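The values are calculated or read from the model by the stated rules, or taken from the named source; none is laboratory data. Everything quoted here is computed from the prediction, not taken from an experiment. Backbone-built Cβ (ideal geometry, glycine too); neighbour counts: all protein chains shown. Quick note on the areas: whole protein, heavy atoms, side chains included, nothing else; ligands and nucleic acids left out. Shrake-Rupley method; radii C 1.70, N 1.55, O 1.52, S 1.80 Å.
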Amino acid sequence: MSFCSFLGDEIYKDHFKPGIYLCAKCGHKLFSSRSKYEHSSPWPAFTETLQEDSVSKFVERPGALKVSCGKCGNGLGHEFLNDGPKDGLSRF
C-alpha cells in the first residue's frame, strides 16, 4: 500500500496539515488535505481525488471499488461508495 500500514504505525491517519498526498512509489498527486476527514478506520480517509486521473478504479464488489495510482498502478486500497462524512460522498 502506498501510505497505509496494518501494524498501527500509520503516520498519516491523524495528519491534517495542509498539503498534497502523493503516491509513495512514483510521486503522482493523489489527494488534497482539503478532502481529508477523521474516520474510525485505521487509514487516512478522503472524500475525493485531487484530479480525475489521480487514481484508477475497478469494481471489486458492490459498493467498493479497488483503487490504484493513476500513473504507476500502485495499490491504494478502496473507494467505498456513499460512505463519506456526508450523504452521497465516497470514502477513499
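Can you name the residue in region 30-50 that is open to solvent by 80 Å² or more (accessible area, probe 1.4 Å) and at pLDDT 90 or above and, of all such residues, is farthest from SER90 (Cα to Cα)?
ARG34
Can you name every residue in region 51-82 that is open to solvent by less than 60 Å² (accessible area, probe 1.4 Å) and in a loop (DSSP other than H, G, I, E, B)?
Result: SER54, GLY63, GLY70, CYS72, GLY73, ASN74.
Do we have any residue at all in region 33-43 that's over 13 Å from the mean Cα position of the chain (by Cα), in a loop (DSSP other than H, G, I, E, B) and polar (S, T, N, Q)?
yes
Of the conditions (1) buried (at least 17 other Cβ atoms within 10 Å of the Cβ); (2) more than 13 Å from the chain's Cα centre (by Cα), LYS86 clears all except one; give me its number.
Against the list (1) buried (at least 17 other Cβ atoms within 10 Å of the Cβ); (2) more than 13 Å from the chain's Cα centre (by Cα), LYS86 comes up short only on (1).
I'm told SER90 meets every condition in (1) touching a His at 6+ places or on another chain (Cβ under 9 Å); (2) at pLDDT below 90; (3) among the small types (Gly, Ala, Ser) except one. Can you identify the failing condition by its number?
Among (1) touching a His at 6+ places or on another chain (Cβ under 9 Å); (2) at pLDDT below 90; (3) among the small types (Gly, Ala, Ser), SER90 violates only (1).
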